[in-house]
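Shown next, in structure tokens, is the structure this report addresses.
The values are calculated or read from the model by the stated rules, or taken from the named source; none is laboratory data. As the structure is a computational prediction, the values presented were derived from the model and not from experiment. Positions of Cβ are backbone-derived with ideal geometry, glycine not excepted, and every protein chain shown enters the neighbour counts.
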Amino acid sequence: METSINKKTSLDRKFDKLRELEETGKSRKGIQNRALRKMLSNKLAVIGLVFVSIVIVASIIAPLICKYDPQKVNLRMILKPPSSEHILGTDKVGRDVYARIIYGGRISILVGLGSALGAALIGVSIGAYTGYRGGWIDSLILRISEIVMAFPQIILVLLLVAILGQSLMNLMVIFTLTGWGGLFRMTRAQMLSLREEEYVQALQAFGLSSFRISFKHVLPNALGPIMVNITLSTAMFILQEAGLSFLGLGVPLNIPTWGNILNVAIDLRILEDFWWVWMPVAVMISLFVLGINFIGDGLRDSTDPSLQG
Amino acid sequence: MIPIEAMRDMTPEALNSMREALGLNDPFLIRYFRWLIGVLQGDFGYSFASGVAIKDLVLDRLPATLELSLFALLLSTIIGTFFGTISALKRGSAIDNSFTVFGMLGVSIPEFIFGLLAIVLFSLQLKWFPVGGRLMPGYETFWDHLPHLILPASVLSLIMTAGVMRYTRSSMLDSMNREFIKTARSKGIPEWRVNFLHGFRVALIPVIVLIGFRLPMLIGGTVIIEQVFQWPGVGEQFVLAVRGRNYPLIMMIAFLSVNAVLIASFLIDLLTALLDPRVKLE
């Protein structure tokens, strides 16, 4: 018994160290924002953040780091393996695979991020207001979102592709239209619980308009889960773009995107003998989405109060 | 079907009388209710491409899709709950961490890349399984197409396993922290009985709900995998219909999958009421 009381556990030692730091005033150094500090101490999230940033920067400065035009057909260089001239070889009409992957990233990331932000704009703004106000508008929009979410996502997306036609803009509109439901419901649920807080009652007593209360005072407190959701939606939309383009129903084939580059792999000859045409881009999509998912998980751990340690 | 030439040489008057006869000049709502009444009577219209009744086209493809997705659902449920439980019981161990990484990879890598890798490895290099397709002429029993089924079903279940596993893990962790587990342990019940008869049973309820939500995937979730493996199911037919703008066919398949979702969520409600004594049906 005696020993167990006197023995210091590892937790005790940690507390001692913290107390020491606090007394000497060293703990105030470094990054003040708790969420940011926690995010940066999460190794996987930092790795994801670094990788995703590198890819985004590379696709923005694409003309500076690619020697070749991704669209330029060169019939003398068909399906050449990787060499010093073409780092990742050439595809079946002689286009440089490396340049296509870097330029393709522009469109793929644009579709993913643009659709996620579009869905967030609709879902969050409607959810924040109707979740706070309630009433018949709230139930009406809730029903609409239920109708949208009753479809399996890919069926609804393909259905809209058939109606609206294939183009880059249409694809982003379609993803936004099919993806806002989740964000709407999540924001609404957050608002429903936050609006019962006492500070909201105080604001109401001051006579602030419900528009001001919901957007300026309640919404900021719900931002954590919303950010996580936007991040994960971006990953999901990039995967969906790749899937749709793989089916030949996404972004029109003449625009290079990650999905469109992979599209050729349905040809068994290419799949078996010319790995450099499809393998690098497959790895690229997977790592990029993995990176975004790591960021999303890191964000969740650092903003969710129930997980604070 | 009307040949293209006949349509091209039509005079405007003939075109108009044709539209009148087919009811295309009626207002939108009337046309919609005409379609709806047809659907209620089991008449889904005719394919733009072949003129065959849509119902027959889809019913023809449905067994292939259900075969694929039921197999995958079964496989992923068994593997996912098993590994998820182990992961939760050995929390923090190397096994748990590797399963977590696997789960992360499973949600990050597009399903068709798994499919392509499986084809390259098992069909083209090792030549264990055929590349794609389902039936060869003359071979029509289940055992004949089992080799064709194994690859697509495994790839599909691999994707679905990741989700089931993560879910089972957190649900199991949740249930192992509850009071009744302490009670069971303090009564001296062997640890494996505590884990499997007490913890696992309670942890299973949310997992069953998740599987219920997967049921609609039976029709909607196989679209891309069917394309990769040239599996002649509803999903492949849907892609063809979208490419050819074959609207009656698109509508019927969308209608089917929405109904699958509605029926599944109804079943989930019934099932949770049955499994969880705290939920009562009003």
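Of everything listed in (1) surrounded by fewer than 17 Cβ atoms within 10 Å (Cβ to Cβ); (2) closer than 20 Å to A:M169 by Cβ; (3) in contact with a Ser or Thr (Cβ under 8 Å, 6 or more places away or on another chain), the single unmet condition for A:G112 is (1).
Just so you know, in the range A:255-271 the residues that are surrounded by 21 or more Cβ atoms within 10 Å (Cβ to Cβ) and either of a type in the set (V, I, T) or touching a strand residue (DSSP E or B) at 6+ places or on another chain (Cβ under 8 Å) (or both) include one that is nearest to B:L116 (Cα to Cα), and it is A:I261. For B:L262, the conditions (1) surrounded by fewer than 19 Cβ atoms within 10 Å (Cβ to Cβ); (2) in contact with a Phe, Trp or Tyr (Cβ under 6 Å, 6 or more places away or on another chain) all hold with the exception of (2). Scanning the range A:75-98 for residues that are out of contact with any His (no Cβ under 9 Å at 6 or more places or on another chain) and either under 19 Å from A:M284 (Cα atoms) or in contact (Cβ under 8 Å) with a residue 60 or more places away in the chain (or both) returns A:L79, A:P81, A:P82, A:H86, A:I87, A:L88, A:G89, A:T90, A:D91, A:K92, A:R95.
Let's see how each residue does on (1) away from chain A (no Cβ under 14 Å); (2) modelled with pLDDT of 85 or more; (3) in a loop (DSSP other than H, G, I, E, B):
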| site | (1), (2), (3) |
| --- | --- |
| B:E67 | yes, no, no |
| B:F71 | yes, yes, no |
| B:L75 | yes, yes, no |
| B:I78 | yes, yes, no |
| B:A88 | yes, no, no |
| B:D96 | yes, no, no |
| B:G103 | no, no, no |
| B:G106 | no, no, no |
| B:I113 | no, yes, no |
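Just so you know, in the range B:208-233 the residues that are facing chain A (nearest Cβ under 10 Å) and in contact with a Lys or Arg (Cβ under 9 Å, 6 or more places away or on another chain) include one that is surrounded by the fewest Cβ atoms within 10 Å (Cβ to Cβ), and it is B:Q230. Pairing residues of the range A:241-254 that are facing chain B (nearest Cβ under 10 Å) and surrounded by fewer than 24 Cβ atoms within 10 Å (Cβ to Cβ) with residues that are of a type in the set (D, E, K, R) and not in a loop (DSSP other than H, G, I, E, B), at Cβ distances under 8 Å and at least 6 apart in sequence or on separate chains, gives A:G243/B:E111; A:G248/B:R243; A:L249/B:R243.
One line per residue, one yes/no per condition, for (1) assigned to a helix (DSSP H, G or I); (2) over 26 Å from B:L146 (Cβ atoms); (3) within 22 Å of the chain's Cα centre (by Cα):
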site: B:H198; (1), (2), (3): yes, yes, no
site: B:L204; (1), (2), (3): yes, yes, yes
site: B:V242; (1), (2), (3): yes, yes, yes
site: B:R245; (1), (2), (3): no, yes, no
site: B:A264; (1), (2), (3): yes, yes, yes
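Select the helices (runs of 4 or more DSSP H) contained entirely in the range A:4-102, then report the ones holding at least 1 residues which are among the acidic types (D, E) and at pLDDT below 75.
A:10-24
Does A:S59 count as touching a Phe, Trp or Tyr at 6+ places or on another chain (Cβ under 9 Å), surrounded by 14 or more Cβ atoms within 10 Å (Cβ to Cβ), of a type in the set (S, T, Y) and within 14 Å of chain B (Cβ to nearest Cβ)?
Taking the combined requirement at face value, the residue does not satisfy it.
In the range A:275-285, the qualifying residues are those that are buried (at least 22 other Cβ atoms within 10 Å of the Cβ) and either farther than 25 Å from B:T100 by Cα or among the hydroxyl-bearing types (S, T, Y) (or both), and the one that is modelled with the highest pLDDT is A:W278.
Say we look at the range B:234-267 and pick out the residues that are of a type in the set (S, T, N, Q) and closer than 15 Å to A:A162 by Cα; which of these is nearest to the other protein chains (Cβ to nearest Cβ)? Result: B:N246.
Looking across A:M191, A:M172, A:M149, one residue alone is hydrophobic (A, V, I, L, M, F, W, C), within 23 Å of A:Q240 (Cα to Cα) and in contact (Cβ under 8 Å) with a residue 60 or more places away in the chain. It is A:M172.
Residues are listed down the side, and each one gets a yes or a no for (1) surrounded by 13 or more Cβ atoms within 10 Å (Cβ to Cβ); (2) of a type in the set (A, V, I, L, M):
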{"site": "A:S145", "(1), (2)": "yes, no"}
{"site": "A:L158", "(1), (2)": "yes, yes"}
{"site": "A:M169", "(1), (2)": "no, yes"}
{"site": "A:G179", "(1), (2)": "yes, no"}
{"site": "A:L192", "(1), (2)": "yes, yes"}
{"site": "A:E196", "(1), (2)": "no, no"}
{"site": "A:F206", "(1), (2)": "no, no"}
{"site": "A:S209", "(1), (2)": "no, no"}
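For the range A:286-303, the criterion of being surrounded by fewer than 22 Cβ atoms within 10 Å (Cβ to Cβ) and β-branched (V, I, T) is met by at least one residue.
Residues in the range B:145-165 include none that are modelled with pLDDT of 80 or more, crowded, with 16+ Cβ neighbours inside 10 Å and not in a helix (DSSP H, G or I). Find the residue count for the range B:13-35, including only residues that are outside any helix (DSSP H, G or I) and small (G, A, S). Number of matching residues: 1.
Let me confirm something: among A:Q166, A:Q201, which residue is farther than 25 Å from B:V261 by Cα and either in contact (Cβ under 8 Å) with a residue 24 or more places away in the chain or of a type outside the set (S, T, N, Q) (or both)?
A:Q166 is the lone residue from the list that is farther than 25 Å from B:V261 by Cα and either in contact (Cβ under 8 Å) with a residue 24 or more places away in the chain or of a type outside the set (S, T, N, Q) (or both).
Hey, does the range B:143-156 have a residue that's more than 21 Å from B:D96 (Cβ to Cβ) and of a type in the set (V, I, T)? Yes - at least one qualifying residue is present in the range B:143-156.
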